[in-house]
Structures are given as structure tokens and as C-alpha cells.
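Below: one structure, written as C-alpha cells.
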Amino acid sequence: MRWLTQLRRRTEMLFRRNGATARLDDELRFHIEQQTAENIARGMSAEGARLAALRAFGNPALVREQAHDTWSWTSLELLLGDVRYGARTLLRTPGFAAVAILVMALGIGANVALFTLVRSVLLKPLPFADPGRLVRLYERSTFGDFPFNQSAGGVFAEWKKQSRSFTGMAICGYAGYNLSGAGNELPETVRAATFSSNLLPLLGVQPALGRNFTADDDQPSANPTVLLSWGLWKRRFGGNPSIVNQTILLDARPYTVVGVMPSWFAFPESAIQVWTPTYFKEPPGHMKAISQHDFRAIGRLKPGVTAAEAVTELSLITRRIHDQNADDSFVSVGANIRPLLDSLVGDVKTPLYVLLAATGCVLLIACLNVANLLVARAASRRREEAIRMALGGGRMRLLRQHLMESLLLTAAGGAAGLALAWGAIQWVVSARPDMARVEAIHIDGVAIAFAAGLIALCALFAGLISSLSGRGSQVLSSLQDSSRGSSAGQARVRLRAVLLSLEVGLTVMLLIGAGLLLKSYARLRSTDIGCITGNVLKMDMTLPEVKYKQPAQVAGFFETLLGRVRNLPGVEAAGYVFPVVPGDGYGGDHGFTVVEHPAPSRGEAPFAMNRWADPGYFAAIGIPLLRGHTFDDNQQPGHATEAVISQAFARQYFPGEDPIGKHLRAQGDKTYEIVGVVGDVRFAAGEEVRPMMYFALYADSDMNGATLVVRSGRDVTQYATPIQRIVAGLDRDLPVSDVLTMDQVLGRGTLDASFDATLLGVFAALSLVLAAVGLFGVLSYIVAQRTSEIGIRIALGARREQVLRLVLLSGLRPALIGLALGLAASAALAREIQSMLYGTQPLDAAVFAAVAGTLLVVAAAACAAPAWRASRLDPMQALRTE
Amino acid sequence: MGKPNDLVQGTLDLLILKTISLEPMHGWAIAKRIQQVSGEVLQVQQGSLYPALHRLEQQGWIKAKWAESETGRQAKFYTLTAAGRGQLGKETASWNRLSAAIDMIVT
């Protein structure tokens, strides 16, 4: 019970301190009164008695303090005293405080934001049961060198049947549907995925509403079923729970909604809006094929089984399939495994870590800057501190005050920084909805703890540096030093110069990183994609099979639409392509053989990217026809026999030969005659040109989707609405999706590069400003310190230019040292971001030179004002000021 | 009166506890009583007395109450708590042990 009474007393002492102090005073006064009374009783005079009592008592202030010290919470009280004192001194110089807080806010804000991103995207475990054992399974293909290839349905089936390393294995596929409008709603295209019915139990996830697919749903003859995403359910169906067991129309076919997934469920990516069962959606043949690598396989490792053991086992199974089918060159030879998390976030890893390193630099620069400002303040308060020390102020006490001041600054900065980080994250989430796991990004307790840690660290760093400059032992010299007429001690100036050099060095590194990324982004945007990109519009549409059963119906729709679009005034050309326009992704590839060439040796058939196009496509998008002609107009469903190849295709497979009139065997052993050669296009900005073959649009009997390409001499976006109106006139249930100009397509493809370059550029600009402020501050301080010295120099006949040079040099020297350091460090580190660069060398001379030049100009500008002021000093004024 | 003897380190607590174990007393009276009882040998310095009183109070061995003094003025009276009484016993025992030991060496 004793601790309870103690606790009560301690609490009392915490809240009744002022009363306790008054009572202590009263107690001591009573003592003196008693003593005085006794003295009077002994016969002293009233005044004499009081003085004797006081003498006997000793120093009442000391007694009071010593008694006070025995109370609890003294350290807290001291701390509060320091806080009060620190806040008061900071408020006396609001300009300084505001600058320091702003600097810290930027530094800490950027770091917390990036930390939150990195943690949410890369470090947080996936929201699945025991996510550490979830792995993505890949095929390892030697044709075309794809160590992490997607899985073929047939190979997956064998893995599932034969392997013993997994507690479960599920498969996911790609899909897309036209969701028809009910009532007045517009039809829309929804991004979709498929998964086998065992995926959700494997991940350990339950639908938020309704149920998962059953094994019965997950087979070709099942009734169509669908799971909705939380977002689609809220947006399109008003969040009404009665949607479960109702039907919706996907591609004009009724699907029963069996459930709604939780809002956080974004698998395999956040854009997916509906899921259907894989084995229901895919034709059985596709699920048995062993060389069509169209699926993502997921497995859960058995406890005690390592990834390496599982890889060995899967590779063995795959190898066996490969050897049994040696005539098919597209069967993989092995398998590979990656943690599921890595497979989901693979692309953003390096950029995020680079950005995190960049914000670390910004924070370091911010700390150095605040330390620099504090050193300057400490310098102007030397005399005050020297006096305090001379009067017996403890060094620890002074150090504590230094730290408290820097803690107050960083804490205020950190609070503002958290707000900044919150804003920044909102921006990132809205600017990069495509980023993996974007739905998991938000500031939580850990991020706030991280911010608190940063605050403590920065406070300690900045506070210690500035206190170290204190040199408290030299009280006397401080007092002498700051007397009039002499210059400031050199130690502080040197410390500040070192801090500045470091700051400039870090700035140079950031500038070079940003410069490299910007240059490679510019390169990326200016790569010739191989076609016209100005005033070209594209839009996708897919005709539902249920409604367009006959190939002739499909052809009829597309021909009518094309005719009407071409008749729009101002439209110069229009055509169709499938599956994608240049710059919009890989699309797909296929194996082929050249009929006129000797058969390739077993297992070595070549493959090339494939596209389907109508005769007008090449002219519409401006791909030049180099030889022969494009498809004839007679390439109708059932009679499409022509192929067009790209220049790279001709170079690689028909060296020294005329490809026109030769035949390709591809697409299910059909034979196509090569009628033309066209220019090369890139499937993405920054990718190599690859061989490409084009087939006539209606070459496949199940063709039902295409991208319409329209080119105009004027602003092409004005045609989007009229064309959509034409489509609605032909089929009011048919949605048109991805209506984009070619420039937008390319912009989307280079979003990553532009995002990284922009952010790093912002950080670099920020640190440049900080470094300039630092230079300006230090130099102004030096000039102020040396006012009288400069005055004497001028009075003794120094010329203005000499003074100007003197001051400029003392500012530029640390900048030059920092520049050299920064260039050297960048040269060593630039290799680390090589994977993010395109067409730019890590040691790009132009970027290095530009950064050096920029930095010198900024440094000179920052130094110019104080130097100029020094050279304009009026010697009489200077000598009089103190 | 002569130069007052310095109190043996740590014995002030014992003296205070012992002194107020008889009746509640204020600071001045405690000092006075120690002085008188020791035959003017022990002089308690105010610089040590009040910090010691406050420390003992913080430790919960004595407690204070404001009451009217003999002169009619409000004064702070200190009383022994139950815990303090135990502490007094412990400190007395340890003092006896110590002084007996010193005695054996000195005599």
C-alpha cells in the first residue's frame, strides 16, 4: 500500500506545486519569526533580533531551493523551465524560428511521406493469412530468355497434381467485360480478373458479402457467376446488399453475383472490378495448353519446405513436360519462385528506395542548415553564455538548453512536416493510382512514431553540433573575443564552413540524380515510336459474342462504323488494330515458320510479336509502307490469308531475300502470304524494336474486338464524342473504353519516369534553395562579424574590389569544396540508379557539367549580396558600430 | 557555545524521527529540541533541517499538518507516520550497532 500513498503524494506534488512553494516560504518565515521572538526574549532590540535570526538562518534562498529539490518531479520542473526559456528565446527571433521550422518541416515531411510509401508498399506484409509462405510460381523459359514467365494452364495442372511442396495452389487469369447498363446507365468496360475457386481459401480471405466461388462454379459448364469489387458495388449498385444472388449482364450474358469482396482486396491489382472463375471463363483447351503462358500461379509453401526445394521440385516436373513435348519449342524448361509481395511490387522497388535515399539527403541538408543557423545564434549569444558560465551555470544545464531549443524547433517542424506528409500522400495516391498496393498507403501509428524518432534524431544532431561549437571552457577568451574591435573566433567560422561544404556536397548529389532522371525522361519522351503521335485518337471496343454470333455480323459492324467515321468532316484517316497501338504495351507474340525455308530443328521455332490490322491502319497511324502493299480489301472473315511484316522481321528472318510472296505458317497452322513490309514500331517508349507480324483483322474466326485509330489535321479530341455517338447509334449497349490520344498513351507509358524525375527534381530544387540560404546566412554572418575589421582595412586603403574578393572567396571556398565532394560522391553512386535510366549514362558529362554550373551560379548569387554590402561599408560607420 | 559539532553523516534523519516521535513539532521546535536535549552539543543547520524534513515527507516517513502554534500563528507541524515509526526502529538499531562498534575500537 505504501507505493499507493507515495503515488498519491507524488500526484499531489505535481498539481499543487505553487501552493507547496508558498507554504515552504511560510514555513521558513515562521522559523525566522520564532528565532526573532526568542532573540527579543533574550533582550535584543527588535531590529537586532531580526538580523541575528537571519544570520543564524543562513541563505534562505538556498534553503528554499534545497528543500524544493527533495520534492518529486524536480527534473520535470527543470524541463518545463527549459521549454519556457527555449520558447521565449525563439520567440524573440521569430524570423529565425520560422525559417528553421520551415526547413525542418520540409525535411521531415518529405521523409515521413516517403517512409509511409515504402513501408506500405514494400515492407508491410500482405493482408493475407501467413503471407510469408505465399509465393508466386513462374515458368523458366529459355526461348526468348524469360526467367520469370507466366504459367501455362497445362503446366499448372501438372504442378498441382504432382508437387508435394505446397499446401495449395491456385491460378489467376486476365479478363475484361462489357458491363451493360440497367435502365439509363451507360454501358461500361470493366477491368476483370479470373481466379480458381481455391484462391480465396489459399489467401485466407472471405468475401465481405455473400460467398466465394464453389468448385461447381469453377468449370466450363457452370452457370455464370461473378464476384464484385467493393468499389464497383458502391459506385454502380449503390452499396445495396440485395445485389447478392441477382444477375448482372457481362458481355450481354447474365452472371449471378455470388458476393462482394472487401474494400481492401485488390488482387492482382487495384484496378480490377469484377472476378469470374478461371476454369469457367477459359476454354478447356486453353487450360490444358502447355505453351500458352497466360496465367499467374500462386502457391502456399508447406511448413518446413523452403522455396529452393519447391523450385527444384517444380523444375523437375516442368522439365519432364518439356522433354515429352520436344517438338513444341515454347514449353518451358524449369520453374521459378518469388515471394508474392515481391511479385506484386517488383517494378516500384528501386525507384522508391532511390526516392527514400533522396529524402534522407534532404533531411540531412535540413539538419545541417538548422545546425548552421543554431551555430550562428550561439555565436551571437556567446557573451550571454560566457557570463552565465562565469556566474556558475553548469555546462550540462547549458547543453540541455541548447538541445531543448533545437528540440522545440524540430518538434514544431515535425508537426508541420506530418501535415505536409499527409498532403503529399493524398497527392501521390491520386497521381499514381496505378502503383502496386496503392490502396494500402496511409499514415498510421508507425509512421507517426517514425516522425517522432526523426524529430529526436534531428534535434540531437542539430543541437549537439551547435553546442559543440560552444567551447565553454574558454569563458575568458569568449568575453575578450566579443569585446569590440576584434574579429570573431575562427573555430565557429570553420565549423560553419564544414557544415556548408557537406550541405553543398549533398545538394550536388541530389541535383545530379535529378538531372540524370530528367534527361533520361526527356530521351524517353523523344524516342521515335515509329508512327505519328500528334492528333491521333484511339478507342477500344469489344463486341459481345452472345449478340454478335456470326463473324459476318462483327465485320458488318466494324465496316459500317469505319465508313461513318471516315465521313466525319476533318477526319483524315481511320483504321483498326488489335490488340494494342504502338507504345501501349507488349500485346502478344506467337511462334511461326517460314514455309519456303527449311524446317527449324526441333524445339527452335522462332517467334515474333503479332498484331491484327485492317488495310487502313498503317495509313491512319502513319506507319510507312516500305515494300509491297497493305492488306487487300477482300480480306474478309474466312478468307483472310495475307500478312504484313515489319522491317526488323524482314531483316532478321529474310536476310538478303525478298520476303514479298513468301508464306508464314502461324496461328493454328494456317498459311499466310506476305504482301508487304512496313516500318518498325516500338511497343513501349524506351523498348528495343522487335520483329512484328501483322495479320488481316478478320484472320481469326473468333475476332470480336479492335482498337479504332483516327487521325485528323486538327485537334483530334473533338471527335471523341461524335464517334461515341455513332457507336451508340449502331449498338446502344456497347461501351467504348480507353479513349486516348497517342500522346496520352505515350504519357501513360512514361508515367513512372516522369513521376520519379519530377519528385527527385523537387527534392533537388529544395536542397538547392536550402544550400543557397545556408551560404547567404554564413556569409552575412561573417561580414557582420568582421565589420570593424573590414572598416579598418578600408580606412587603411584597401580597395573595394579587394574587399569584395576577400568576402566572396570566404563564401565560395566551402561551396567549391562541397561541389568537388558532391561530384566525386555522385560519380561513385550514380551507377545505383542505372536501372532507372534510359539512353543516359550514369556519368553523363552534360548533366555533371550543368549541375556544377548551376551550383556555381547559385552559390555566387548567394554570396554576392553580403560581399557587395561589405565592399560598400562606410569605414567611419563600421568602426563606430558595435 | 563553542563551534557546533558537525552531525555524523546520515544521523540527522534519525534525530528528526526520534524527536517528533514524542509529539508533533514544527521545524524551529525540532531544531531547538535537538539542541537542548544534546546539551547544546548538536546544532542543526537550517540549511540541512528543512531539506531533510521535506525529503522525509516525500519518503512518507513523516507527514505534515498546518496547525496553530503556541504563539497563535499557523505553523507546519510534523508527525511520525506508521512507516516512519518502523524506519525509526531500523535506524535506531543500526545506530546502536554502529556506535557500539566505534566504542569497541575507541575504548
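At a glance:
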{"read-out": "Number of the exception - A:Ala825 against (1) modelled with pLDDT of 85 or more; (2) surrounded by fewer than 18 Cβ atoms within 10 Å (Cβ to Cβ); (3) in contact with a helix residue (DSSP H, G or I) (Cβ under 6 Å, 6 or more places away or on another chain); (4) more than 30 Å from A:Leu751 (Cβ to Cβ)", "value": "(4)"}
{"read-out": "Residue check, A:Gln206 surrounded by fewer than 17 Cβ atoms within 10 Å (Cβ to Cβ) and in contact with a Leu (Cβ under 8 Å, 6 or more places away or on another chain)", "value": "yes"}
{"read-out": "Filter result for A:Gly299 (without any contact (Cβ under 8 Å) to a residue 24 or more places away in the chain and either surrounded by 15 or more Cβ atoms within 10 Å (Cβ to Cβ) or within 29 Å of A:Asn325 (Cα to Cα) (or both))", "value": "no"}
{"read-out": "Tally of residues being under 28 Å from A:Gln744 (Cβ atoms) and either in contact (Cβ under 8 Å) with a residue 12 or more places away in the chain or in a loop (DSSP other than H, G, I, E, B) (or both) across region A:567-599", "value": "22"}
{"read-out": "Of all residues making up region B:58-93, the number that are on the phi > 0 side of the Ramachandran plot and basic (Lys, Arg)", "value": "0"}
{"read-out": "Candidate set: region A:636-681, residues that are in contact (Cβ under 8 Å) with a residue 60 or more places away in the chain and in a strand (DSSP E or B); chosen: the one surrounded by the fewest Cβ atoms within 10 Å (Cβ to Cβ)", "value": "A:Thr671"}
{"read-out": "Any chance A:Pro254 is surrounded by fewer than 16 Cβ atoms within 10 Å (Cβ to Cβ) and either under 35 Å from the mean Cα position of the chain (by Cα) or in a helix (DSSP H, G or I) (or both)", "value": "no"}
{"read-out": "Hits in region A:707-733 (condition: in a loop (DSSP other than H, G, I, E, B) and either under 19 Å from A:Gly181 (Cα atoms) or not assigned by TED's automatic domain parsing to the domain that holds A:Asp614 (or both))", "value": "A:Asp731, A:Arg732, A:Asp733"}
{"read-out": "Test: residue in region B:51-67 that is buried (at least 16 other Cβ atoms within 10 Å of the Cβ) and more than 13 Å from chain A (Cβ to nearest Cβ)", "value": "no"}
{"read-out": "Complete set of residues in region A:115-147 that are under 30 Å from A:Leu356 (Cα atoms) and loosely packed, with under 15 Cβ neighbours inside 10 Å", "value": "A:Leu123, A:Pro125, A:Ala129, A:Asp130, A:Gly132, A:Pro147"}
{"read-out": "Restricting region B:68-107 to residues that are within 14 Å of chain A (Cβ to nearest Cβ) and aromatic (Phe, Trp, Tyr), the residue that is nearest to the chain's Cα centre (by Cα)", "value": "B:Tyr78"}
{"read-out": "Hits in region A:54-75 (condition: more than 10 Å from every other protein chain (Cβ to nearest Cβ) and surrounded by 11 or more Cβ atoms within 10 Å (Cβ to Cβ))", "value": "A:Leu54, A:Trp73, A:Thr74"}
{"read-out": "Residue that is nearest to the other protein chains (Cβ to nearest Cβ), among those in region B:26-50 that are under 17 Å from A:Leu62 (Cα atoms) and aliphatic (A, V, I, L, M)", "value": "B:Leu49"}
{"read-out": "Matching residues in region A:82-98 - criterion: being of a type outside the set (Ser, Thr, Tyr) and at pLDDT below 80", "value": "A:Gly95, A:Phe96"}
{"read-out": "Unique match (being modelled with pLDDT under 80 and out of contact with any Asp or Glu (no Cβ under 7 Å at 6 or more places or on another chain)) among A:Ala599, A:Ala620, A:Ala666, A:Ala684", "value": "A:Ala599"}
{"read-out": "Matching residues, region A:412-445, being more than 14 Å from the chain's Cα centre (by Cα), surrounded by fewer than 19 Cβ atoms within 10 Å (Cβ to Cβ) and farther than 14 Å from A:Ala113 by Cβ", "value": "A:Ala415, A:Gly445"}
{"read-out": "Check on A:Thr5, within 11 Å of chain B (Cβ to nearest Cβ), modelled with pLDDT under 80 and in a helix (DSSP H, G or I)", "value": "yes"}
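The values are calculated or read from the model by the stated rules, or taken from the named source; none is laboratory data. Every value quoted in this text rests on a predicted model; they were computed, and no experiment measured them. Because the Cβ atoms are built from the backbone with ideal geometry, glycine has one as well, and the counts that use them run over all protein chains shown.
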